[in-house]
Each structure stands twice: as C-alpha cells, then as structure tokens.
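The structure appears below as structure tokens.
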Amino acid sequence: MKILVTGGAGYIGSHTTLCLLEEGHEVVVVDNLRNSTSVSLRRVERLTGRRVDLHEFDLLDALAVDKLFEENQFEAVVHFAGLKAVGESVQKPLFYYQNNVVGTLNLLQSMEKANVRRLVFSSSATVYGASEDVPLSEKTPLAATNPYGRTKEQIEDILSDLGTADSSWSIALLRYFNPVGAHESGLIGEDPQGVPNNLLPFVAQVAVGRREKVLVFGNDYPTPDGTGIRDYIHVMDLAAGHLAALDYVKDRTGVFRWNLGTGRGYSVIEVIEAFGRATGSPVPFQFAPRRPGDAAVSYADPSAALADLRWSARKDLDQMCADHWRWQSTNPHGFS
Ligand code: NAD
Ligand code: WQD
C-alpha cells in the first residue's frame, strides 16, 4: 500500500515507518520536525535500503495537506503527528488543542476530499485518566485529566462521529500504554528535547552520565514497593501493532478501539533495577514527592487486540531496557 505517515520522523513514527517499509509498503511522511529531526528517517533508509519521501510542513497548513493528497494516491494514513507533553499542555492548552485537534481536522478533511478513508490513529492510555480499575479495558470510561489527554479524547470523539456519519470509513484508535525501547540496531530511538518527562528516557540519561540521579516520584503508593506501576511496551511491539491494525482495517469498515500494552505492570524501582542490569551498573536514584496527577497503577487488558488483531507484545522489560540502552549509549546526545 502507499501510506501517509504523519509525524513519521518522531519516536514511534520512525520505528513504524521502518516496519512498514520492511513489509514492502511505500511510505510518505509529513512532519514539521518540531519535536524530531529528519536524521531519524535517513537512518530508517539506511536500515531498510528503501527511500522515505519526507514532506516538511505543518498539518495546520490545510492547503499543503490538500496538495499532498492531490499529488499522491494514498490507500491509508497512520496519524502520529501531535504534541505529547502533559505539563506543557497544562501551560499552553490553546496551542495543544490547535495543534492536535485542528491538525487532525485538516487531515480528515483532506482525506475526505481525496476519498481516502482508512486511518490508524495514535491515541493513548491517557484517555483513561487516573482510573485505577485495572486492567484497563477498552470499555473503561474515558476521563482524561489534562489538556493533552483531552485532545486525544476529543479526537476519538470526532473519529467516532465520522464513522457514524459515513460508514465507509475504516478507523483504528490505538491506545498506547508506556512506549519504551528502541530498534535493536541502536540507530534510531527516542530523542527527547530538554528534560525528559517520561521515566525511561530520564533513567537512560542518568545511566549515560547526562544527569545525576533519577527522582522517583512517590514511594508511598499502595503498591508492593510503594512506587507507581505502569505497563511499559517495546516500541517495536507497538510498531507491529500498527501493521496488524492496518491489516485489519484494510477490508473492514467501522471504528475500532484497541489497547496496545503488555498487560503486565512494573514499578518504577523494578524499571530502574532492570536498567541497571542492562548497563551493568546500578542507576542512582532518590525518592521524591509524588508527581501531581499520577495514578498509582495503570496497565492494559490487551485481550481485544489479541482476539481481533492476533497481536500481542513479545518483548519483556529486560529487552526493552537493553535496546533502550544500546540506542542511548551509542547516541549519548540523541540524533545531534
Ligand atoms: P514524537 O514527538 O516523537 O513524534 C510526533 C511527531 O509529530 C514529531 O516528529 C513532531 O515533529 C510531529 N508533529 C507534531 N505536531 C505536528 C504538526 N502539527 N504537523 C506536522 N508534524 C507534527 O512523539 P511519539 O512519542 O512518537 O508519539 C507519537 C504519537 O503517539 C503522538 O500523537 C503521541 O501523542 C502518541 N502517544 C505517545 C506516547 C508516548 O509515550 N510516546 C504514548 C501514547 C500516545
Ligand atoms: C511512569 C512512572 C511516574 C519520571 C505519560 C503520559 C501519558 C503517555 C505516556 C502519551 C510514573 C514515574 C517518571 C521520573 C518517576 N504519553 N516517574 N520519575 O505518567 O505513565 O504516562 O507517558 O500519551 O499520557 O502521562 O509515564 O514515564 O512519565 O511515568 O518516578 O523522572 O514513572 O511517577 O509512576 P506516565 P511516565
């Protein structure tokens, strides 16, 4: 298939682009490179021996999006482009709603005009908010607790309404849990700008000597070791989930929702210890107060994806840490 990947230069987008190319698909990427660099895609080209056609523009530029659809006959779109920092979304809500929601509306309008009605969308477990009704299933009520999460919830609503209004759309909403790790080559991986918000990139930067120690947010949660529990999933498993979803919507119409997680939770301390095993030396940490808004426990019920897509995550926490470390240690400053 000829596939448009929005946000394809980013962390999950670059890994998924690699897998799409390896499966023989033709990939066109649109990315404004606000949170990424084209180097990721040059490396994907190196790894696959295939070309990626990168268009550097913003989804807010509706005319440019229209033009791209006029010039290409896409069979499907995988839509990663979006801003994702929870704290920044609280500071700049209008920016987040504009970028994520309006950007998606522009994309959908161009798709409709061009008669392209197959979409895989990056949603997030963040739509479940602080629910601790674990495991979280697709039936758990949505209750996002911050502007970023609400952009995902609003986009899910828009896509549901679209599917109701026009039954020729095929839409997969993928709710990722906590993506980590990197391609086994160590050539591509997550390259956060500034101080990482998420646990794994922070731990990796401590391990590589860029930061002094990990601050563990809270050790008084009602969990076995008192620290928060999350469902970490290897980015290559996640990428495989996109291919399975694309395959599913290829010859079905409707709006489908799937959790992409492993179904198993690990505490912050378990992650720090696993990373220490990957690097061969313990990662220094210190307990700190809870981070506002954090749930104690979050992990997926991934059974719907297994039943419908025949997809399940394969890589365990040690593989996630080993691959993340290979990327971080061979690229201590990311792509720069
Ligand atoms: P990322 O920031 O690495 O990738 C997103 C890409 O989209 C970046 O390359 C960025 O430059 C681009 N982009 C953003 N706004 C754009 C716009 N208006 N026009 C064109 N390009 C734009 O993030 P990621 O971790 O790869 O996440 C991909 C998607 O998955 C996002 O939608 C994110 O919300 C979602 N998600 C991520 C996580 C996570 O923890 N990484 C978890 C759940 C969901
Ligand atoms: C994991 C655990 C922290 C950093 C976020 C977004 C969510 C989704 C995934 C996009 C928690 C603890 C963290 C640190 C720590 N993204 N922690 N020290 O909060 O589950 O989810 O990323 O959709 O929307 O909210 O992930 O990696 O930030 O935190 O102790 O320096 O690690 O308290 O228990 P989270 P995270």
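The values are calculated or read from the model by the stated rules, or taken from the named source; none is laboratory data. Small disclaimer: the values here were computed from a predicted structure and weren't measured. All Cβ positions, even for glycine, are placed from backbone atoms using ideal geometry, and neighbour counts span all protein chains on display. Surface areas here come from the heavy atoms of the whole protein model, side chains and all, with no ligands, DNA or RNA. Shrake-Rupley method; radii C 1.70, N 1.55, O 1.52, S 1.80 Å.
When only residues in the stretch 71-121 that are over 20 Å from the mean Cα position of the chain (by Cα) and among the acidic types (Asp, Glu) count, which is surrounded by the fewest Cβ atoms within 10 Å (Cβ to Cβ)? Step by step, filter the stretch 71-121, then rank; the result is Glu71.
Here is a yes/no grid of residues against (1) within 16 Å of ligand 2 (Cβ to nearest atom); (2) of a type in the set (D, E, K, R):
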| position | (1), (2) |
| --- | --- |
| Gly8 | no, no |
| Thr16 | yes, no |
| Leu21 | no, no |
| Leu33 | no, no |
| Val39 | no, no |
| Arg43 | no, yes |
| Leu59 | no, no |
| Lys67 | no, yes |
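Among the residues of the stretch 238-264, those identified as assigned to a helix (DSSP H, G or I), open to solvent by less than 10 Å² (accessible area, probe 1.4 Å) and not aliphatic (A, V, I, L, M) are Gly241, His242. No other residue among Pro141, Pro201, Pro147 is over 30 Å from Asp251 (Cβ atoms) and open to solvent by 50 Å² or more (accessible area, probe 1.4 Å) apart from Pro141. Within this structure, Arg175 passes the test of being basic (Lys, Arg) and open to solvent by less than 10 Å² (accessible area, probe 1.4 Å).
For Phe335, are the conditions met, namely being touching a residue at least 60 places away in the same chain (Cβ under 8 Å) and either open to solvent by 50 Å² or more (accessible area, probe 1.4 Å) or closer than 24 Å to Leu159 by Cα (or both)? So Phe335 fails the test.
Among the residues of this structure, Ser281 does not count as one that is within 23 Å of Gly209 (Cβ to Cβ), part of a loop (DSSP other than H, G, I, E, B) and at pLDDT below 95. A count restricted to the stretch 64-78 and to residues that are closer than 15 Å to Glu26 by Cα and free of Cβ contacts under 8 Å to residues at least 12 places away in the same chain stands at 1.
For the stretch 146-175, the tally of residues that are among the β-branched types (Val, Ile, Thr) and within 12 Å of ligand 1 (Cβ to nearest atom) stands at 2. If you go through the stretch 122-129 one residue at a time, do you hit one that is open to solvent by 30 Å² or more (accessible area, probe 1.4 Å) and more than 13 Å from ligand 1 (Cβ to nearest atom)? No: zero hits. Out of the residues in the stretch 28-67 that are open to solvent by 50 Å² or more (accessible area, probe 1.4 Å) and of a type in the set (S, T, N, Q), state the one that is nearest to Ser185 (Cα to Cα). Restricting to residues being open to solvent by 50 Å² or more (accessible area, probe 1.4 Å) and of a type in the set (S, T, N, Q), the top hit is Asn35.
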